[in-house]
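The block underneath contains the structure these notes are about, expressed in structure tokens.
The values are calculated or read from the model by the stated rules, or taken from the named source; none is laboratory data. Model, not experiment: these values are computed from the prediction. All Cβ positions, even for glycine, are placed from backbone atoms using ideal geometry, and neighbour counts span all protein chains on display. Only protein heavy atoms, including side chains, enter the accessible area calculation; ligands, DNA and RNA are left aside. Shrake-Rupley method; radii C 1.70, N 1.55, O 1.52, S 1.80 Å.
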Amino acid sequence: MEKQGSDRLPAPTEPAARHSAGSGRLAGDCGLLLIRLTFGLLLAGHGAQKLFGLFGGQGLKGVGRGFAALGYHPGEVYAAIAGLSEFLGGLGFALGLFTPLAAAALTGVMINAMVSVTAAHGLWDRDGGVEYNVCIAVVALAVAATGPGRLALDRFFRWGEGGWAAAAFALGIGGAASAVTLAL
């Protein structure tokens, strides 16, 4: 028996609790799908610009010249690595397939972009700064940590649950790949 004036709320009835938890879970899964599709498909398109010259991109030759001007030699090889990381990482992220690996690819490319291009311009994107790259890397790592949701192909695999290990894998592999690229 509850005493009067208690700070405790009455326990919800079981059907109501089950309904609201299920609705919230579906909304969360749909939210994760929206995030994955938006970021994943835009980054896949960005990679397609580099690799194939689609969507107004310069293709490997043009992007390779830009990479060479930044000190990456041979420029076309680095352009292909960046393009494949964005294209395949973006598609994997959108589908929720191999999410920690997709997040690692996207995070690695964004770290590299920050160090080699945008960091010199400060924080804000309007000045050419790191704002955009930070946002993409954080979203990729957050989805790796939370898991891609039930509306993902990874739902059938253990790594599809997310967690600290998945986030650490994404950051570790993405950071290590970026460090190797920057050191060469």
Quiz item: Does ASP154 satisfy being among the charged types (D, E, K, R) and within 24 Å of GLY57 (Cβ to Cβ)?
Solution: no
Quiz prompt | Conditions (1) within 30 Å of ALA168 (Cβ to Cβ); (2) at pLDDT 95 or above; (3) of a type outside the set (A, V, I, L, M, F, W, C); (4) open to solvent by less than 60 Å² (accessible area, probe 1.4 Å): number failed by GLY24 | solution = (2)
Quiz item: Of TYR78, TYR72, TYR132, which residue is open to solvent by 70 Å² or more (accessible area, probe 1.4 Å) and under 21 Å from ALA177 (Cβ atoms)?
Solution: TYR132
Quiz prompt | Residues satisfying the stated conditions in region 21-45, i.e. more than 28 Å from GLY57 (Cα to Cα) and touching a helix residue (DSSP H, G or I) at 6+ places or on another chain (Cβ under 7 Å) | solution = LEU32
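Out of LEU97, LEU37, LEU42, which single residue is in a loop (DSSP other than H, G, I, E, B) and closer than 29 Å to LEU153 by Cβ?
Details: LEU37 fails: in a loop (DSSP other than H, G, I, E, B); LEU42 fails: in a loop (DSSP other than H, G, I, E, B).
Checking each option against the conditions leaves just LEU97.
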Exercise. Would you tally the residues in region 32-65 being of a type in the set (Val, Ile, Thr) and farther than 20 Å from ILE81 by Cβ?
Key: 2
Quiz item: Can you pull out the residues in region 113-136 that are under 18 Å from PHE39 (Cα atoms), in a helix (DSSP H, G or I) and in contact with a helix residue (DSSP H, G or I) (Cβ under 8 Å, 6 or more places away or on another chain)?
Solution: ALA113, MET114, ASP125, GLU131, TYR132, ASN133, VAL134, ILE136
Quiz item: What is the one condition in (1) under 10 Å from the mean Cα position of the chain (by Cα); (2) in contact (Cβ under 8 Å) with a residue 40 or more places away in the chain that LEU95 does not satisfy?
Solution: (1)
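Could you please give the count of residues in region 137-178 that are part of a helix (DSSP H, G or I) and open to solvent by 20 Å² or more (accessible area, probe 1.4 Å)? Give the derivation first.
Step one: filter region 137-178 for residues part of a helix (DSSP H, G or I), giving 137-146, 153-156, 158-161, 164-178.
Now narrow it down to the ones that are open to solvent by 20 Å² or more (accessible area, probe 1.4 Å): 138-139, 141-142, 145-146, 153, 155-156, 158-159, 161, 164-165, 168-169, 171-173, 175-177.
Matching residues across region 137-178 total 22.
Listed residues GLY83, GLY90; which is touching a residue at least 40 places away in the same chain (Cβ under 8 Å) and surrounded by 19 or more Cβ atoms within 10 Å (Cβ to Cβ)? Spell out how you get there, then give the answer.
Values: GLY83 fails: touching a residue at least 40 places away in the same chain (Cβ under 8 Å).
Sole residue among the options that is touching a residue at least 40 places away in the same chain (Cβ under 8 Å) and surrounded by 19 or more Cβ atoms within 10 Å (Cβ to Cβ): GLY90.
Can you tell me which residue among GLY59, GLY96 is modelled with pLDDT of 95 or more, surrounded by fewer than 22 Cβ atoms within 10 Å (Cβ to Cβ) and farther than 16 Å from VAL180 by Cα?
GLY59
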